[in-house]
Amino acid sequence: MARHFLKLSDLTFAEHRALFLRAARLKRERRQNTLAGRTLVCLFEKPSTRTRLSFEAAIHQLGGHAITITPGDSQLGRGEPIADTARVISGYADAVMVRTFADARLEEFARHATIPVINGLTDGAHPCQLLADVFTVEERLGTVKSRTVAWIGDGSANMARSWAEAAALYDFRLRIAAPEGYRLPPEVLAAAKGHVTECATPEEAVEGAHVVTTDVWTSMGQEAETERRRHAFQGYCVDAALLKRARPEAIVLHCLPAHRGEEIAAEVIDSPQSAIWDEAENRLHVQKALLEKLILEPS
Ligand code: CP
Ligand code: NVA
């Protein structure tokens, strides 16, 4: 049966550790032939730069081939059911990465696919990004276990939710500062089993943190709310003054794309504390390890 990666906990903690070891090796030895002749389909219903490029580069560097379908390219736009599309792609490819809107749409796709399905971002999760983020924290700080990560901004969207899932899985503390109306959903908070603390202010969340991270105020699909959100998130910018409250060795992460001067100051993105470019590059390495795992070790 195909093994899917729709959320972080679809792999066990031991599998995450093995995946990071393999990713570190693949970072040193970029070109391997482990997926020669394999095909990855990348299906996008939202735009992308990093996810598309890192998955395409990953499968190419492992000897395989990618076929990318961008929004509007396929018959999905004309109403072909997602279940039928999943069945058809399963006949052509060895794995499929899907970026879409509702998590239920991805889950329906996965129910009808007979090849591994990878979540390349939904409204509710971005697990591939978290693989890269945690890998980057461990590269810079040695281990993520027992560290404190401060999340500033939208607590209700995919990135914050996946950070909360990661906190429980990898056993670190996540402090979230989000404005009223944009908090972490209660069920996600409950599932994080005490690893997540909600803070009243960004200052409280960042105090003494090892990692400071944020994301756009308006995620893809929420564009109609841009003005309302810009107003609600005033005071939630990760700037140099806020970062000073973190530990001196603290690193800054952002999944990108960023709005410089909005959720994060340009000087922070470009500062020595920024690990943002490594974070973006590490998408490539962790996803290579993920593709190998899912394609070569079906359960
Ligand atoms: N971080 C991330 O997923 O970027 P893209 O939207 O460019 O793929
Ligand atoms: N929360 C953002 C992440 C982009 C990688 C979005 O969904 O648009």
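Using Cα springs under 10 Å in a Gaussian network model of the chain, which residue among Glu279, Glu180, Glu139 shows the largest mean-square fluctuation?
Answer for the Gaussian network model of the chain: Glu180.
Angle, helix 158-170 long axis vs. longest principal axis of the chain, Cα atoms, 0 to 90°, nearest 10?
For helix 158-170, the angle is close to 90 degrees.
In the chain, what percent of the accessible surface is made up of carbon and sulfur (1.4 Å probe, ligands and nucleic acids excluded)? Write down the numbers at each step before the final one.
Numbers: 6510 of 12430 Å².
Carbon with sulfur: 52 percent of the solvent-accessible area.
For the stretch 142-299, just the Cα set please: Rg and Dmax, both in angstrom.
Radius of gyration, then largest Cα-Cα span, for the stretch 142-299: 15.7, 49 Å.
Specify whether the C-alpha gyration tensor of the stretch 225-284 places it in the rounded, prolate or oblate class, a ≥ b ≥ c being the square roots of the eigenvalues: rounded for a/c under 1.5, otherwise prolate if a/b is larger than b/c and oblate if not. Walk me through the intermediate numbers first.
On the way: a/c = 2.59, a/b = 1.32, b/c = 1.97.
Note, shape of the stretch 225-284 comes out oblate.
For a Förster distance of 51 Å, can you work out the FRET efficiency between the beta-carbons of Asp239 and Ser74, rounded to the nearest 0.05?
0.75
Could you give the radius of gyration (one decimal) and Dmax (whole number) of the Cα atoms in the stretch 194-267, in Å?
Looking at the stretch 194-267, its Cα Rg and Dmax stand at 12.9, 39 Å.
Mean projection of the alpha-carbon convex hull of the chain over all orientations, in nm²? Don't jump to the answer; show the numbers that get you there.
On the way: hull surface 57.9 nm².
The number I arrive at for the chain is 14.5 nm².
Provide the descending list of Cα extents for the stretch 99-206 along its principal axes, expressed in whole angstroms.
The Cα atoms of the stretch 99-206 stretch 45, 35, 20 Å along their principal axes.
Tell me, what does the Kirkwood hydrodynamic radius of the stretch 84-132 come to in angstroms if you use every pair of distinct C-alpha atoms?
10.9 Å
Which number gives the lysine pairs in the chain that have C-alpha atoms under 30 Å apart and are eight or more places apart or on different chains?
Here the count comes out as 18.
Who wins for biggest fluctuation among Leu43, Leu256, Leu76 in a Gaussian network model of the chain, springs between alpha carbons below 10 Å?
Comparing Leu43, Leu256, Leu76 in the GNM, the peak value goes to Leu76.
Does anyone have the angle between helix 50-61 and the longest principal axis of the chain? Alpha-carbon axes, 0 to 90°, nearest 10?
Tilt of helix 50-61: around 50 degrees.
Give me the accessible area per residue for the stretch 85-235, probe 1.4 Å, as a whole number in Å².
Numbers: 5610 Å² over 151 residues.
Per residue, the stretch 85-235 has 37 Å² of solvent-accessible surface.
Please report the base-10 log of the normalised intensity I(q)/I(0) for the stretch 1-66, using a Debye sum with one equal scatterer per alpha carbon and no solvent, at each q in 0.11, 0.19, 0.21 (1/Å).
For the stretch 1-66 at q = 0.11, 0.19, 0.21 Å⁻¹, log10 I(q)/I(0) is -0.32, -0.98, -1.15.
From Cα pairs below 8 angstrom and at least 6 apart in sequence, can you work out the relative contact order of the chain, rounded to a whole percent?
Relative contact order of the chain: 21 percent.
Tilt of helix 103-112 relative to the longest C-alpha principal axis of the chain, in degrees (0 to 90, nearest 10)?
Computed tilt is about 20 degrees.
The values are calculated or read from the model by the stated rules, or taken from the named source; none is laboratory data. All values derive from a computational prediction rather than experimental measurement. Here the Cβ is made from the backbone with ideal geometry for all residues, glycine too, and neighbour counts use every protein chain on show. Please note that ligands, DNA and RNA were not included when accessible areas were found on the heavy atoms of the full protein model with its side chains. Shrake-Rupley method; radii C 1.70, N 1.55, O 1.52, S 1.80 Å.
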